[in-house]
Structure formats: structure tokens, C-alpha cells
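Each value in this text was obtained by applying a stated rule to the coordinates, not by laboratory testing. Model, not experiment: these values are computed from the prediction. Positions of Cβ are generated from backbone atoms using ideal geometry, with glycine treated the same way; all protein chains shown enter the neighbour counts.
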Amino acid sequence: APLPFLLSIVVYASSTIHGDMSEEKFQDASALEAWLKGKDVDSGRAATVSEALFSKGFDQPSTLIGISSAQLEGKGITTPTAVHISNKLEKEQFEQQQQQQDDDRRKRIAD
């Protein structure tokens, strides 16, 4: 099988496993921490910020997807951690958009 196809399967499987659960609420800070780790955020950083973010109303994925490092810093997160989290979530969002575009292309080809 061609490499891009295999990569798309890996990305799809990853997004299926970690899905963004956009409307599902985190039950507590540990659920937020687990979600951040699932987005490839360093486990130490995820543990450090999850309680603070959860207590400030970041209680579902849609409140974090697309957040900038400046916005995180405004919530009291240190600059290196804010940049790390923002970059990981941006990468995840980009990969999901690429997957959606690939799915759309495959659907058009199949039709």
C-alpha cells in the first residue's frame, strides 16, 4: 500500500482513539489531564495545568481547541508550558483537518 494511505490510517486511528469529544465535558481535572496527554502534551505539563484550567472553566475540548499561548498565559500558565500546549493542540487540529480533507477526497473519488 502507498505510504500516504498508511499514514492516513495511522492518523485516523489516532484521532478515533483520542477523538476530540468536542461537546463532551470533562468530569474533573484528571479527565482534562488525560485528554491533554492524549493530544501528546507532556505528562508533567498536563498534570501541572489541568487543575488550573479546569477550575477556570476549561471543562470540555471545544474550550481548548485553537487556544493560543497568549490566552493560556492570560490564565496564569507559564510561557514555555503555554507554548507547548498551544503547539500540541494546533498540531492535533491540523492533523484532524488533513484527515477530514483526505476523507472528503476519498468520498468524491468513490462517488
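Between residue 56 and residue 90, the FRET efficiency from the beta-carbon distance, with R0 = 22 Å, is close to 0.65.
The 3J(HN,Hα) values that the Karplus relation (6.51, -1.76, 1.60; θ = phi - 60°) gives for region 65-73 are, in residue order, 4, x, 6, 8, 5, 4, 5, 5, 4 Hz. Gly and Pro appear as x. Averaging the inverse of every distinct alpha carbon separation and then flipping it gives the Kirkwood radius. What is it for region 41-111, in angstrom units? About 13.4 Å, per the Kirkwood formula over Cα pairs. Taking label positions 7 Å along the Cα-Cβ direction at both residue 100 and residue 75, the computed distance is 2.1 nm, reported to one decimal. For the peptides 96-107, 68-79, 47-58, the ranking by packing is 47-58, 68-79, 96-107, with the highest mean count of neighbouring Cβ atoms within 10 Å listed first.
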